[in-house]
Each structure stands twice: as structure tokens, then as C-alpha cells.
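To keep things clear, I will list the structure first and then write my remarks on it.
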């Protein structure tokens, strides 16, 4: 039977196909800490990088990972193989500013006015 490791090799796949890592993380590392790694190691030459951990979503094995989960919770059977590297996909969701939400509200209001005029 294969020996279970207490660390997981993870690489973070960015939307352009490039990677951050791989890097070894202990099983007790939280998803929030993984997101901090993504924010701090985001390539400076890439545009639209995350500003905070709230901007980052991590996906592994088709699931969006929750901040309070640990690396150990996210393990798949394949990750226990020797020399296996787990790929986590990174999604960046920019924060909505007050200015953006005000614009959205104004557009919704105008859209409703147009709908009422047409009716």
C-alpha cells in the first residue's frame, strides 16, 4: 500500500496557462493561506492580478475550495502517489467598487424606464 504523505505538492494554474509553483504545503495549511500564496507570488508582469485573498477562487477536482478547508481536506487519491503534483486552478474575481455598483444601479433604473415606456 502506498505511504500517505503529510505534505502536498501544489501548482496554481493561472488563466493564461502559466503556473505558480509547484510548492510543497503541509496538510494543515488552509485554503485561505494558499490564496495568500497566490496573491503574494502573482507574477508582476501579469495584468489584472488579485489585490486581496477575497479576489481569489481556487478550484481543485472540479470544486471551488472553501477558505476554512485544509490541504488535507482537498486531497484526492491521486495526490498520494509519489511525485504527484496537484494542480489548482485560479480564478480572479475583481472586487466591485461602490462606483461600479452605483453604475449598475443606474443602468438597471434606466433599463426599467425604457421597459415601462415600451409597454
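Exactly one residue among 36, 3, 45 is modelled with pLDDT of 95 or more and either loosely packed, with under 12 Cβ neighbours inside 10 Å or within 19 Å of residue 93 (Cβ to Cβ) (or both), and that residue is 36. Count of the range 49-71 residues, restricted to those that are touching a strand residue (DSSP E or B) at 6+ places or on another chain (Cβ under 6 Å) and assigned to a loop (DSSP other than H, G, I, E, B), is 3.
Residues of the range 92-102 include none that is within 15 Å of residue 11 (Cβ to Cβ), surrounded by 12 or more Cβ atoms within 10 Å (Cβ to Cβ) and modelled with pLDDT of 80 or more.
The values are calculated or read from the model by the stated rules, or taken from the named source; none is laboratory data. Keep in mind the model is a prediction, meaning the values are calculated, not measured. As a convention, Cβ positions derive from the backbone with ideal geometry for all residues, glycine included, and neighbour counts pool all protein chains shown.
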